[in-house]
Amino acid sequence: MTYLTKMKNPLIVFLILFQVTFAQKSDNYKLDRDYFLLGTLAGRCKDPMEVDLVEKYNQYEDTLIQFSYKLYKGEYDLQVSEHRLISKELTEKINSFYNWEYNENFSNENLDSIFIGTIDTTKIKTDSQKISFLIGAFTRFGKKNDAIYSINGKSSVENFKIYGKFLKDLRCNEIREVIVEAVGPTLTVYFQPSDRLKKYLTYYIPNPRDY
């Protein structure tokens, strides 16, 4: 199992992640790369036309693409193209963390059926796995205002629910799940991290964005 060590360069503008090495020895701040990557993912579907798509990113997330690429480079056949991380093997591995349900309202341009994925939380059991997941989520979707941290769940209602659940499991405080109804509702989880989670947040993301 491969773990991440401290990120030398924190979030800047939307996201900046640079130098990462793998811990070879015991470390107080180990993260599991699979659960970290899982936390960075938005809502997920299984499309027969995109069987090798790990994730789509926007134009401001090129550094996250390169970061994710480096996590698995050499172990998986990976490509980066048009803000997409591509690997059939890694996609299959990541998809194994999801439960899949057919939705008759969704199809691709070939009219193929598309399955909608929800993360199988029974596969994220330990506190270390949950911390890795939340650090990934905060890296891409989080921000901090004074002592209050938040994770935006607009990309996935199911992920939004999982953020709250894992924060409760990790005994965080002042957890508030706020839904602002609009055309495309805003889903945000506010929280004060537990001492343990705060140590990880401070270690990996010492200067999170505040907007």
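Annotation: GLN59 fulfils all but one of (1) in contact with a His (Cβ under 8 Å, 6 or more places away or on another chain); (2) assigned to a helix (DSSP H, G or I); (3) polar (S, T, N, Q); the unmet one is (2). LEU167 fulfils the conditions (1) under 23 Å from ASN207 (Cβ atoms); (2) modelled with pLDDT of 95 or more; (3) outside any helix (DSSP H, G or I) except for a single criterion, (3). If you check LEU90, LEU4 for being closer than 30 Å to THR202 by Cα, crowded, with 19+ Cβ neighbours inside 10 Å, modelled with pLDDT of 85 or more and of a type in the set (A, V, I, L, M, F, W, C), only one passes: LEU90. Considered as a group, the residues in the stretch 62-84 that are of a type in the set (S, T, N, Q), touching a strand residue (DSSP E or B) at 6+ places or on another chain (Cβ under 9 Å) and part of a helix (DSSP H, G or I) include one that is nearest to GLY43 (Cα to Cα), and that residue is SER68.
The set of residues in the stretch 170-195 being of a type outside the set (Val, Ile, Thr), surrounded by 14 or more Cβ atoms within 10 Å (Cβ to Cβ) and modelled with pLDDT under 95 consists of GLU177, LEU187.
Among the numbered conditions (1) touching a residue at least 12 places away in the same chain (Cβ under 8 Å); (2) farther than 30 Å from ASN173 by Cβ; (3) of a type in the set (Asp, Glu), the only one that ASP127 does not meet is (2). Just one of the listed residues (ASP127, ASP112) is open to solvent by 40 Å² or more (accessible area, probe 1.4 Å) and modelled with pLDDT of 90 or more, namely ASP127. Taken as a whole, the structure leaves ALA137 outside the set of residues that are assigned to a loop (DSSP other than H, G, I, E, B) and at pLDDT below 95. When ILE116, ILE205 are checked against the criterion of being on the phi < 0 side of the Ramachandran plot and touching a Ser or Thr at 6+ places or on another chain (Cβ under 7 Å), a single residue qualifies: ILE205. Would you point out which residue out of ASN152, ASN145, ASN159 is open to solvent by 50 Å² or more (accessible area, probe 1.4 Å) and either of a type outside the set (Ser, Thr, Tyr) or in contact with a Gly (Cβ under 9 Å, 6 or more places away or on another chain) (or both)? One residue alone meets the criteria, ASN145. Restricting the stretch 11-49 to residues that are of a type in the set (A, V, I, L, M) and open to solvent by 40 Å² or more (accessible area, probe 1.4 Å), the residue that is modelled with the lowest pLDDT is VAL13.
The values are calculated or read from the model by the stated rules, or taken from the named source; none is laboratory data. Worth saying up front: this structure is predicted, and the values here are computed from it rather than measured. Methodologically, a virtual Cβ is constructed for each residue, glycine included, from the backbone with ideal geometry; neighbour enumeration extends over all protein chains shown. Just so you know, the surface numbers come from the protein's heavy atoms only, side chains and all, with ligands and any DNA or RNA stripped out. Shrake-Rupley method; radii C 1.70, N 1.55, O 1.52, S 1.80 Å.
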